[in-house]
Every structure is written in C-alpha cells, then in structure tokens.
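See below for the structure under consideration.
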C-alpha cells in the first residue's frame, strides 16, 4: 500500500506494525447504526467512498480485524495478539488524529467521555473501550458518528478525504471530450470507467469514478460525488452531492446526499434524498422519499438503541433502509423513515415511519415475510451478481429475524 500525506516516516510505521495488532471495535455502537448494522459491524459501514475499515487500513498502512457482536464474528473474525491497538470504528479521522493515534504507546485516548483508541492486552479487549475515565483527553477536534443519519450528514468530508487517499500520486484516465466539466476540484477516472455526454460540476467537491463504472449520457452531477467499481448511473440522472454509489450499485432519477452501501439498485426515475441504503436493496420505478417536513420542523427517526423515535437535529432527513429490503413501483416514504432488514413493501400510500425487519406489505397493512421466502429471493438476487447466500449469511439473517420478532406486532 502506498504512503500518503498522513504517513509518518517508514521507521515509525514499522515500529507500530511490530508493536501492535490493530482492531476496529464497534465500541458499543452497533445498536445505534441499526438497521444497517444488523448485518455488519460498524467498521464495515461505507461512510464515504470507503468503509471505515478500508479507510483505517489505508491511513495506518496495516491490515485490521474487527471486534463486533458475537453473531457477526464468524463473517468478520477477530485477530488478537498480546498487544493490540483498538480503535473506535465510528471515529472519522483527520491528519492530526491519525498521527496522535500512531504515537499512542499505552492507555486510552479519549474525547468528551468517549474512547477513541486504546492499547489493550488480549484479556481486556471486551472492556477497554467501555470507560474513558482513565484516558488521556485528545486536545483536537474529532468527529464520531453516533447514528445512521450521521453517515449522510458527514459524507462530504469523508468523500474528500477518501478521494485523496485513493488518488494521491496517481494519474486519472482521460475523460471523454463529449463531457462538460465545471469547477476547480478534480475529476478522477479509474481504468475501464466510461463517462459520456454528461455535465460534471466540481465546484463543491471532487468526483471519483471507479474501475469499470459507467455514467450514461445526459447525467448531471454535482460533487462531492463518488461511484465505486462497476457502479452505473443511468441516463439523465440528476445527482447532488455529497453522494456515494458503492460497488455494483445502479442508480437513476434524482439523488441528493445519499450513500448506497453496495449491490443495490434505484435504477429509475424518482427522488431519493438524505438517505442511506444498505446492500441488496431495490427501489422500484417512480418511488420517492420526503426529506423535509411540510412544517419544516426537526425530523425524528426510530432509534433501536433507545427503542423510540428521537430527534435527529436535522431539518433534511429521508430514508434509512436495511439490507435485502425492496419496494415496488410508485412507493412513497415519509420524512424520517426507517426500513429494517428483508422487507418487501408495496401498495398505495405511505408505509409507517418505522418498518420492522421481515415485514411484507405497506400502508394497507403488514404480514410477516417468512424466512424461507426471504432466503429464496435473496439467493436469486445474489446469483445475478455471481454471489451466493452462504450458510454464514443465513445464520446472520436468522438471528435478525429472531431478534426483531417483538417489533412485528401486526
């Protein structure tokens, strides 16, 4: 992995690698990012162009493992050694913080009562991130995500950071002359990408186009914007940044400040704004979400950790959708809607602002989406991308099904 502006001298990097095994920890936040974190650790959430794990591995020039919920650990195994540097996976880094963590020799680094990073012996991994009482307070500013909606709120700064990590000292592929480029920030095109007859405005941030990604004709894009490998932006799409299309995502219509994790589709017309969409989701043609209340009031959203609707502090807040959820054509999502894992929504009217996992139906009522049918659909969807629903994946979904039964009181 190449060095970057965040790196200290090679000798310091080598010393760090020799001394510490690096672990990214949920740090007690898994419930706060549900429904997205029902099926993945906090470290595997895409919070910019990269996931938290991908970002930290590039910044520290070292592979990391994950400390997460027991039922997720088979898919994301923990590697522990005698000495471990444990980092809060919800922390969004900057240059100063990375350098401070590199120089952490013992104890904990904290901020406002929360642990940022800690040096932990193997027998204290489950407790070292729980208390910040004995930690050293970090003097600089630090951004720590606490809710799923924080992901789209801070996507702009993460796209810019990740853009630099991915492109520093590299040369972009040439951009077709059929395109119009506005603004002073860069456009970076990876090998195999195709962009034709579109308008790319970088006035507010860079634009990154990943390997073998495609922007079809007549798209209008305002940065910061990124699309990962094999992502597709359909003809005539209108995209307002900060927006991210994860790997193999297909998107069209109008997007405004959206993060797609990967392998999901919103391929047709319709508006999606201030939203985070999980993996293997599909949003039907002409479906829309509201991201602003009619009275312009602060939006509330369902929060699993507190088991109630909470104030987000946001005036613009749209949709959070968990993995494997789908909606039919012409669906309408109200402001601040949370859709769980493996939901199948359809029909007229607005579904509830909180749709429990494994729900089947819509505004006219719900029944339970049976596991057998949900697994059959998921398996077919994965096969279209040459993937397979593994036994490990099924165990995770079975756990989610069981744990969310209490919400399905139809």
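Nothing in this text is a laboratory measurement; each read-out follows from the coordinates by a stated rule. Fair warning: this is a prediction, and the values are worked out from it, not measured in the lab. Glycine also receives a Cβ, built like all others from the backbone with ideal geometry; neighbour counts cover every protein chain displayed.
What separates the Cα centres of the stretch 105-156 and the stretch 308-386 is a distance of 32 Å. Label zone of residue 180 (point 7 Å out along Cα→Cβ, amide N under 17 Å): in the stretch 218-245 this covers 218-223, 236-240. The stretch between residue 103 and residue 383, if pulled fully straight at 0.36 nm per residue, gains 96.2 nm over its current Cα-Cα span. Within the chain, DSSP assigns beta bridges of which about 25% are antiparallel (rounded to the nearest 5). With both residues required to sit in the stretch 10-146, DSSP beta bridges show an antiparallel share near 55%. With a Förster radius of 35 Å applied to the beta-carbon distance between residue 364 and residue 196, the computed FRET efficiency rounds to 0.20. Estimated purely from DSSP H runs of n ≥ 4, each contributing -39500 (n - 2.57), the mean residue ellipticity at 222 nm for the chain is -5000 deg cm²/dmol once divided by its residues.
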